[in-house]
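Participant: Here it is: the structure, laid out below.
The values are calculated or read from the model by the stated rules, or taken from the named source; none is laboratory data. If you're wondering where the values come from, they're calculated on a predicted model, not measured in any experiment. Glycine also receives a Cβ, built like all others from the backbone with ideal geometry; neighbour counts cover every protein chain displayed.
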Amino acid sequence: MKRWLLALLALLAVSWFTSAMAEVAVPALKARVTDLTNTLTPAQAAGIEQQLLALEQRKGSQIAVLIVPTTQPEAIEQYSLRVAEAWKLGRKGVDDGALLLVAKNDRALRIEVGYGLEGVIPDAVAKRVIAETIVPHFQQNDFAGGIEAGVSQLVKLVDGEPLPPPAKQSRQNNGDPMGTLFIMAIAAVVVGQVLSAVFGRLLGSGLAAAAVGGLGWLVLGSALMAGLAALLVFFFVLSGINPMQFMGGFGGGGRSGGSGGFGGGGGGFGGGGASGRW
């Protein structure tokens, strides 16, 4: 009896381990649209991505689309929640994220809704979006049309919900003035060195510092930062040092070129949403 029980436990352990190993991995979140099946053309994916980016900039909410071949051996509900918990779509404390998951080979889809959007996208509404908006397209093999229509419907619902305004815009706006001031300071040093040759080093340094200080105050609205920029320009022009020689160590990195990728904001999910088939 004891041997039989041990054998059964061993069999269950092996079965559990095999099942766990066979789980579909959660892909890394790098974009608002992740298509692991090449169902969407690059243009179609970019159009949906742009629509979701505009929503996030406008409302702060994050919606993502994930297309996978299958979620087996997991049910789509289990896999969807696992993805949502890993990606953490939506803002922390606001929990205004949502996921549209399509398992193409399983002919199944799900809308996973964050805590903060369960009022505007309750289970019944999510079910209607699937059944009335997305599935009719999928039944005609129009996957792009179904996803675009479903995303548009979700965006419309979120737009109608009063949510805390996004804070990201103010952070982005703070970066550009500093970059502008930096460029002006470098230009002022170059101009100041020319002025030094005409008016003398002391006067040329003063003119360049005054110019960058005044422009810096207009750009940043901060007398302290403008004053520091003016002081640095005065020092470099007066000493005749080229500031570019100190920038060699910063050369290889560059800037990310705009978006810098996409990541979740820390939103929470509790299993709200709906599933469907076609």
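Participant: Can you find a residue that is under 30 Å from residue 87 (Cα atoms) and either in the same structural domain as residue 138 (by TED's automatic domain parsing) or modelled with pLDDT of 75 or more (or both) anywhere in the range 245-263? Step through it out loud before you land on a result.
Facilitator: Residues of the range 245-263 that are under 30 Å from residue 87 (Cα atoms), as a first pass: 253-263.
Add one more test, that the residue is either in the same structural domain as residue 138 (by TED's automatic domain parsing) or modelled with pLDDT of 75 or more (or both), and what stays is 262-263.
There is at least one residue in the range 245-263 that is under 30 Å from residue 87 (Cα atoms) and either in the same structural domain as residue 138 (by TED's automatic domain parsing) or modelled with pLDDT of 75 or more (or both).
Participant: Would you point out the residue of the range 102-161, among those that are farther than 28 Å from residue 266 by Cα and among the β-branched types (Val, Ile, Thr), that is surrounded by the fewest Cβ atoms within 10 Å (Cβ to Cβ)?
Facilitator: Among those that are farther than 28 Å from residue 266 by Cα and among the β-branched types (Val, Ile, Thr), it is 133.
Participant: Which members of the range 112-125 meet the condition of being farther than 15 Å from residue 161 by Cα and aliphatic (A, V, I, L, M)?
Facilitator: Of everything in the range 112-125, just one residue is farther than 15 Å from residue 161 by Cα and aliphatic (A, V, I, L, M), namely 124.
Participant: Looking at (1) part of a strand (DSSP E or B); (2) surrounded by fewer than 24 Cβ atoms within 10 Å (Cβ to Cβ), which is the only condition residue 29 fails?
Facilitator: (1)
Participant: Separate question: Looking at 60, 160, 114, 145, can you tell me which residue is in contact with a helix residue (DSSP H, G or I) (Cβ under 7 Å, 6 or more places away or on another chain) and among the small types (Gly, Ala, Ser)?
Facilitator: Result of the check over 60, 160, 114, 145: 145.
Participant: With respect to residue 161, is the statement that it is among the charged types (D, E, K, R), out of contact with any strand residue (DSSP E or B) (no Cβ under 6 Å at 6 or more places or on another chain), under 30 Å from residue 106 (Cβ atoms) and at pLDDT 70 or above true?
Facilitator: Spelling it out, it is not the case that residue 161 is among the charged types (D, E, K, R), out of contact with any strand residue (DSSP E or B) (no Cβ under 6 Å at 6 or more places or on another chain), under 30 Å from residue 106 (Cβ atoms) and at pLDDT 70 or above.
Participant: I need every pair where a residue in the range 39-53 that is assigned to a helix (DSSP H, G or I) has its Cβ under 8 Å from the Cβ of a residue that is polar (S, T, N, Q), sequence separation at least 6 or different chains.
Facilitator: Partner pairs satisfying both residue conditions: 51/152; 52/62.
Participant: Within the range 65-75, count every residue that is crowded, with 22+ Cβ neighbours inside 10 Å and within 16 Å of residue 146 (Cβ to Cβ).
Facilitator: Looking only at that region, the number is 3.
Participant: Pick out the one residue from 147, 63, 111, 121 that is assigned to a helix (DSSP H, G or I) and in the same structural domain as residue 50 (by TED's automatic domain parsing).
Facilitator: On the way: 63 fails: assigned to a helix (DSSP H, G or I); 111 fails: assigned to a helix (DSSP H, G or I); 121 fails: assigned to a helix (DSSP H, G or I).
147 is the lone residue from the list that is assigned to a helix (DSSP H, G or I) and in the same structural domain as residue 50 (by TED's automatic domain parsing).
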